[in-house]
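Novice: I'd like to ask some things about the structure below.
The values are calculated or read from the model by the stated rules, or taken from the named source; none is laboratory data. Note that the structure is predicted; figures quoted are calculated from it, not measured. Methodologically, a virtual Cβ is constructed for each residue, glycine included, from the backbone with ideal geometry; neighbour enumeration extends over all protein chains shown.
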């Protein structure tokens, strides 16, 4: 029982730490941030992240190998991540049209996806207005 409470505590610490960040973080960045609280092993962070992922509380941004808090509200829809290559800002969006497209493709081809992530790299609106893109 005590070990289970410890894992929950680590998951809560990781989630709380991620909520205070302005960008997604790697597991090692999370570890460094929680080291002052006595978290010293990367396996502790990875276990906590897996627990939070299974609970739908965090997302893994695969192209960045980083983690971010789930904004919620996407239920059966697929979250879409807009990733700014200039400032590093990542925003989560919900687009039911994408989920329908994946479902249609699956029915048409017989392919059964077990995990779907849409990550779009580009420039956010703030970076677009601040400096014109290189031509």
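Novice: Evaluate segment 121-135: report whether one residue or more is modelled with pLDDT of 95 or more and either part of a strand (DSSP E or B) or under 16 Å from residue 14 (Cα atoms) (or both).
Specialist: Yes, segment 121-135 contains at least one residue that is modelled with pLDDT of 95 or more and either part of a strand (DSSP E or B) or under 16 Å from residue 14 (Cα atoms) (or both).
Novice: Sticking with this structure for a sec: Of the numbered conditions (1) at pLDDT 95 or above; (2) not assigned by TED's automatic domain parsing to the domain that holds residue 124, residue 85 fails exactly one; give the number of that condition.
Specialist: For residue 85, the failing item is (2).
Novice: Going by the conditions given, is residue 124 surrounded by 12 or more Cβ atoms within 10 Å (Cβ to Cβ), outside the structural domain of residue 30 (by TED's automatic domain parsing) and in contact with a helix residue (DSSP H, G or I) (Cβ under 7 Å, 6 or more places away or on another chain)?
Specialist: no
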